[in-house]
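Some notes on the structure that comes next.
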Amino acid sequence: MPSTLGDLLAQNTRDGELYDVMSDGRLRCYACGHECPLPEGAVGVCKVRFNQGGRLRVPWGYVGGVQCDPIEKKPFFHAYPGALAYSFGMLGCDLHCAYCQNWVTSQALRDPAAVAPPTQATAQAMVHDAQRLGARVLVSTYNEPLITSEWAVSIFKEAKAAGLVTGFVSNGNGTPRVLEYLRPWIDLYKVDLKSFDDRHYRQLGGRIAPILDTIRRLHAMDVWVEIVTLLIPGFNDSTEELTRLTEFVASVSPDVPWHVTAFHADYKMDDNADTTPDMLQQAAEIGRRAGLRFVYAGNLPGAVGDLENTRCASCRETLVARRGFRIRDYRITPNGCCPSCGTPVPGRFDAHFAGQLASRPSVIRLR
Ligand code: SF4
């Protein structure tokens, strides 16, 4: 019997695809922006990929948890509004954010207080389960999906064959190679842009450059991208930083939705104040001034005025009215346009709004 969670997960692996053998015999992993050089026996920063006998072993055949979420929870606001997103998480992460809200799974291999046993799974069973539950979308989320990209792609291949839409909810710490690897199999990608200061990213265990590069590349690849910034008072909320951050997003495209969401004290970051509705509204105004056409405020349902709704960028008609994850009204036309002025709405939409199966998450047991 394996004695630790790490030992157990090491048994649930197979040979990876995202690595090269370096001239000195070490392996270079390309699944995330760390690009770890791994000598024999070494484990990557993520704690789940390792060099065993000159081959990179990567996670395979399990999940840390499965949940059915409204797609608004991811959040995707411009992709299949109201759809059910069959969401699976793995274990481990390549960053170690002190405020992580999924720390039980993301830090499972780094923090003894985080306990999240894996469940055996197959791609076929998950896709079958997603269809049984009426999901339109299948998403790798909760921990960092890039570090299990080979496993995600094997699931996404099954999902796409079954007509499902696929997506990542990610910190965006990618590499050109992993993005090319994902490209044929992924439709939607949410990036957490946590800050616009490289020093802040280094505190979280990363660098900002790979994240900005990932956002640019995903957009150029025609993957649908939405950006989220968790607004943490005293950490990333200066006008100067938010201006640079939103100007960057607008430079990629003013049509990229930006979600600025409320922080509450969590995990090891419990000294900072909670974000107020006023703070979200001020940040949203900065985003609009930077040229962004679709700015949303999250995590404080009903307290942020119009900032949960999608409005036409041309005539300001309300296209999708929301409260929290619940769709209250849907008016986008079957060809994806504003019903009043005919302006196309950027995003991915079905011809018909099929209603909302669930406006709350539900934990499910994999069959
Ligand atoms: S996924 Fe990232 S952290 Fe993990 S081994 Fe590969 S490069 Fe290193």
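The values are calculated or read from the model by the stated rules, or taken from the named source; none is laboratory data. The structure presented is a predicted model; accordingly, all values stated were derived computationally and were not measured. With ideal geometry, Cβ positions are generated from the backbone for all residues, glycine too; neighbour counts draw on all protein chains shown. Ligands, DNA and RNA are excluded from the accessible area calculation, which covers all protein heavy atoms including side chains. Shrake-Rupley method; radii C 1.70, N 1.55, O 1.52, S 1.80 Å.
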For the chain: accessible area per residue (Å², 1.4 Å): 41 Å²
Rounded to two decimals, the Rg over Rh value of segment 128-215 from Cα coordinates and the Kirkwood Rh reads 1.03
Output the antiparallel fraction of DSSP beta bridges having both residues in the chain, as a percent to the nearest 5. 55 percent
Placing unit charges on C-beta atoms (Lys and Arg positive, Asp and Glu negative, everything else neutral), compute the dipole magnitude of the chain about its Cα centre in debye, rounded to 20. 800 debye
How large is the dipole of segment 24-84 about the Cα centre if only Lys and Arg carry +1 and Asp and Glu carry -1, each at its Cβ, rounded to the nearest 20 debye? 140 debye
Ordering 161-167, 92-98 by per-residue average of other C-beta atoms within 10 angstrom, highest first, gives 92-98, 161-167
Quick check: Cα centre of segment 299-367 to Cα centre of segment 157-224, how many Å? 23 Å
Which number do you get for Rg(Cα) / (2.2 N^0.38 Å) in segment 68-221? 1.02
Semi-axes of the chain from the Cα gyration tensor (sqrt of 5 times each eigenvalue, largest first, whole Å) come to 33, 24, 19
For segment 167-227, the accessible surface attributable to carbon and sulfur atoms (probe 1.4 angstrom, ligands and nucleic acids excluded) amounts in percent to 48 percent
Show which lysines lie in cross-link reach of K47 when reach means a straight Cα distance below 28 angstrom and same-chain residues fewer than eight apart are skipped. K73, K74, K157, K190, K194, K268
Sorted largest first, extent of segment 284-367 alpha carbons per principal axis (Å): 45, 30, 19
What is the antiparallel percent of DSSP beta bridges lying wholly in segment 229-367, to the nearest 5? 55 percent
Which listed residue (G336, G347, F325) has the Cα farthest towards the positive end of the charge dipole for segment 311-361, taking +1 on Lys and Arg C-beta and -1 on Asp and Glu C-beta about the Cα centre? F325
For segment 16-74, would you read off the P(r) tail past 14 Å as a percentage of all alpha carbon pairs? 57 percent
